[in-house]
Amino acid sequence: MSTQVKFLTKNFGQYDTSSIGSYMNIGGFEALRKAVNMNPEDICTMLTEAKIRGRGGAEYPLGRKWSQARAVRGENKVVICNADEGETTTFKDRELIKNDPFNLIEAMSIAGFVCGATDGFIYMRGEYACHRPLLLNAIRQARNYGFLGENILGKGFDFNIHLYSGGGAYVCGEGTALIRSIEGKAGRPRMKPPFIKVSGLFARPTCLNNVESLSLVPHLLQDKTTYMNCGTGESIGTKLISVAGNVNKPGVFEIPFGTTVREIIYNLAGGIQHDRNIQLIQFGGASGKVTDASILDTPYTYDDLRAAGVMVGSGGILVIDERTSVIDFLRMNQEFFSEESCGQCTPCREGNLHIKIILDKLAKGEANEQDIKTMTTIAKVMSMSSLCGLGETAQNSLLSAMKKFPQVFDLGGARA
């Protein structure tokens, strides 16, 4: 029987989330005190040694990102916390905001110190508006206690945090679209370069991080050994995952890397409702790839999941049982992307529209072999030529389903 671990989540339920005094009683802001007395480059090295990859889905090494942000020349640098948790089935960052808001504020202050930033912005998805008062209170109290503002802890370090709420657009999880949204513009991606590390928010050098990525840092500064003793191979430490779909106990769990998918679904999430069979599992949110139950004994690590044809992505796991056909799942997923495409680039705008039409024809039994070929071509063109990650990954589920469930697309065979 696998169990959860408590490294990133060890503060959950341990303090009054409305009181900075309560947070300080359990060691809050001690990591910041430690950080401001360290060489910032040593903190980057620590993150690199811990092999932390960005938890938002891109998997970019956190230590390298902070070191690069630190090396960029420029004044008034910015740190952004991406709390626009828009991937379907992904709700782990919400738990970090709700249960440990002061840790996030502390983490952003440390990031500001390391990167040489003067301002931090939290961009939180509109659907999490109920948590705005909690974060605003944490920011206000941190400022009153001298953990934000000017000359923090007497080290000549100035840093403030600002909270912004998005309007609920999925595409604003993409870095450049998020930045445009904060700037008051339409939340649409732009071409790169310039990269946001050089010219980001209001053309200032910007370091963008996910909530979970940031939240790890104070804990690591206080107890690196425990983290390094978890995990396996290149996947060191723990991971926060959210499990949803046809399971008995959907929820957020912190696991050591290396836990098998079977242990996650059957032990932590309580198994499949009414012991039905698994039709498919999607990893990493709506833009993630799908597979079947053959993955159950695969360890949840970056390398093992990739070898099995899926990815960690956003940390979401969606379990679909035998009551839903593969085609109906893909239609549901496609409806999401057709709705969320910003329409700016042709491959994404037109591709999503036409794939939706063909999937509907498939569901009605009206598609032919040429439709399947056309759909495959459109999906590949989208992945290669769309402007941003939304268009590039929107057909991950379709293309992976065509590999894993070829019989569904064989119009001469039986459909699952």
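The values are calculated or read from the model by the stated rules, or taken from the named source; none is laboratory data. Computed from a prediction, not measured in an experiment: that's the story for all the values here. Don't worry about glycine lacking a Cβ; one is built from the backbone with ideal geometry, like all the others, and counts go over all protein chains shown. Quick note on the areas: whole protein, heavy atoms, side chains included, nothing else; ligands and nucleic acids left out. Shrake-Rupley method; radii C 1.70, N 1.55, O 1.52, S 1.80 Å.
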When the chain is modelled as a GNM with alpha-carbon springs shorter than 10 Å, which of Ser385, Ser109, Ser397 fluctuates the most? Ser385
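Do me a favour and compute the ellipsoid semi-axes for segment 169-291 from its Cα gyration tensor, root of five times each eigenvalue, largest one first, whole Å.
Semi-axes, largest first: 34, 22, 12 Å.
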Please state the charge dipole magnitude for segment 148-278, taken about the Cα centre, from unit charges on C-beta atoms (+1 on K and R, -1 on D and E), reported in debye and rounded to the nearest 20. 480
Here are some pairs, Lys92/Lys249; Lys34/Lys192; Lys155/Lys192; Lys380/Lys403; which of them have Cα atoms lying more than 25 Å apart in this structure? Lys34/Lys192; Lys155/Lys192
Among Met332, Pro347, Gly251, the residue whose Cα sits farthest towards the positive end of the charge dipole of segment 243-389 (+1 at Cβ of Lys and Arg, -1 at Cβ of Asp and Glu, taken about the Cα centre) is Pro347
When DSSP assigns beta bridges and you keep just the ones with both residues in the chain, what percent turn out antiparallel, to the nearest 5? 45
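Just the accessible area per residue of segment 296-416, please: how many Å² with a 1.4 Å probe?
45
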Solvent-accessible area per residue for segment 177-280 (1.4 angstrom probe, square angstrom): 39
Reachable aspartates and glutamates, given that their alpha-carbon falls under 15 Å from the alpha-carbon of Lys6 and they are not under 8 places away in the same chain: Glu95, Asp100, Glu212, Asp223, Glu254
Give the carbon-plus-sulfur fraction of the accessible surface of the chain in %, rounded to a whole number; probe 1.4 Å, heavy atoms of protein chains only. 48
Relative contact order [Cα under 8 Å, 6+ residues apart], segment 272-416, whole percent: 26
Taking each pair of distinct Cα atoms in segment 1-106 once, what is the resulting Kirkwood hydrodynamic radius in Å? 16.0
Dipole moment magnitude, nearest 20 debye, the chain about Cα centre, only Lys, Arg, Asp, Glu C-beta charged: 700
Within the set Ile179, Ile26, Ile317, GNM on the chain using Cα springs under 10 Å gives the largest fluctuation to Ile26
List the relative contact order of segment 51-143 as a percent without decimals, with contacts defined as Cα pairs under 8 Å and 6+ residues apart. 33
Within straight-line cross-link reach of Lys404, lysines at Cα separation under 16 Å, skipping those fewer than 8 residues along the same chain: Lys289
Contact order normalised by length for segment 138-177, with contacts defined as Cα pairs under 8 Å and 6 or more residues apart; what percent is it? 21
Straight-line reach from Lys361: which aspartates and glutamates fall under 18 Å, measuring Cα to Cα and dropping same-chain residues less than 8 apart? Asp328, Glu335, Glu350, Glu369, Asp371, Asp410
Please report, ordered by residue number, every helix of the chain (full DSSP H runs) that is 15 Å or longer along its axis going by C-alpha atoms and whose mean Kyte-Doolittle hydropathy reaches 1.0. 101-115
Under the rule of -39500 (n - 2.57) per DSSP H run of 4 or more residues, summed and divided by the residues of the chain, what mean residue ellipticity at 222 nm is obtained, to the nearest 500 deg cm²/dmol? -12000 deg cm²/dmol
Pick from Glu59, Glu87, Glu75 the residue whose mean-square fluctuation is largest in a GNM of the chain, springs joining Cα atoms under 10 Å. Glu75
